[in-house]
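A short reminder: the numbers here are calculations on the coordinates, not readings from a lab. As the structure is a computational prediction, the values presented were derived from the model and not from experiment. With ideal geometry, Cβ positions are generated from the backbone for all residues, glycine too; neighbour counts draw on all protein chains shown.
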Ligand code: GUN
């Protein structure tokens, strides 16, 4: 919806990933002034189509639109972002069909580097529905001791400095500095920000922090591709579920 430059990049990357894995994808680039009703009509049409297994509405939406109502209009079986209340509820219960894309991508990275979560101090900075909250939940499911920090947290730097695994999802460029990081910590940067020169950067001041970490993810090229990989997995799962394929 509209012409958010970051959304443009994300949608292009998602389309490319579909092509790479052999999924058919359709893009509906709707103008900024599109009404709620028009958008809901499109979602309903896609809900009904048997040849469409996954639906994703790229956020943020223009201000005049109610993103909650739009997300709730998506058939939960086609909700490959796992944003619908039904899917969010299932994630809370640990019985999900679809993994939340960015948090699941982060967990996949931890698994593939054999980084144990159980018993570790995990600190998530940010409490968004897309990343912070589901990230905390997935870490909790793997027996992490999880703290969620946010804009009202007192002594945020001290809280972060206790983390064995620190996940930054605040949306503030280079927010995490060396004094907020414990020696040997695993630092995961979910940020997609722009620095003072307009260059893509993360929520972590990479150069300032990197020497203290046992592992650190870069931006770009860290979490972003993992988010998209999970989206592809979810879409395949949706297609299987809708066609009763094991
Ligand atoms: N905006 C930022 N991240 C995401 C995402 O993972 N999915 C959608 N639909 N919109 C986003």
Next on the checklist: I'd like the orientation of helix 5-21 relative to the chain: the angle between its Cα long axis and the longest Cα principal axis, in ° from 0 to 90, rounded to 10.
Outcome noted: 70 degrees
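Nearest 0.05, what FRET efficiency do residue 142 and residue 172 give at R0 = 35 Å with Cβ-Cβ as r?
Working: r = 27 Å, r/R0 = 0.77.
Calculated transfer efficiency: 0.85.
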Item to check | Most fluctuating residue given options 126, 89, 202, as computed from a GNM of the chain linking Cα atoms under 10 Å | outcome: 89
Item to check | Principal axes of the range 83-140: Cα extent on each, largest first, Å | outcome: 31, 23, 18
Checklist entry - Where does helix 223-242 land angle-wise versus the long Cα axis of the chain, in degrees 0 to 90, nearest 10? => result 40 degrees
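Efficiency by 1/(1 + (r/R0)^6): what FRET value for residue 48 and residue 90, r their Cβ-Cβ distance, R0 = 35 Å, to the nearest 0.05? Let's see the in-between values first.
Numbers: r = 23 Å, r/R0 = 0.66.
The value I calculate is 0.90.
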Next on the checklist: Once each part is reduced to its C-alpha centroid, what is the distance from the range 75-128 to the range 175-246 in angstrom?
Outcome noted: 13 Å
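Hey, any idea what Rg/Rh is for the range 77-232, computing Rh the Kirkwood way over Cα pairs?
On the way: Rg = 14.7 Å, Rh = 15.5 Å.
Reported Rg/Rh (Cα atoms, Kirkwood Rh): 0.95.
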Item to check | Extension gain from residue 66 to residue 20, taking 0.36 nm per residue of separation minus the Cα-Cα distance | outcome: 13.3 nm
Checklist entry - So what is the calculated 222 nm ellipticity per residue for the chain, using -39500 (n - 2.57) for each DSSP H run with n of 4 or more, over all residues, to the nearest 500 deg cm²/dmol? => result -12000 deg cm²/dmol
Checklist outcome for this item: For the residue 40, residue 129 Cβ pair and Förster radius 22 Å, calculated FRET efficiency rounded to 0.05 is 0.65
Checklist entry - With axes computed from alpha carbons, what is the tilt in degrees of helix 132-141 against the longest principal axis of the chain, rounded to the nearest 10 within 0 to 90? => result 70 degrees
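For the range 17-75, compute Rh as the Kirkwood radius over C-alpha pairs and then the Stokes-Einstein diffusion coefficient at 25 °C and 0.890 mPa s; write the answer in µm²/s, rounded to an integer. Could the numbers behind the result be given before it?
Values: Rh = 12.5 Å.
For these conditions, the coefficient is 196 µm²/s.
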Next on the checklist: Give me the extension gain from residue 7 to residue 245: residue separation times 0.36 nm, minus the current Cα-Cα distance, reported in nm with one decimal.
Outcome noted: 82.4 nm
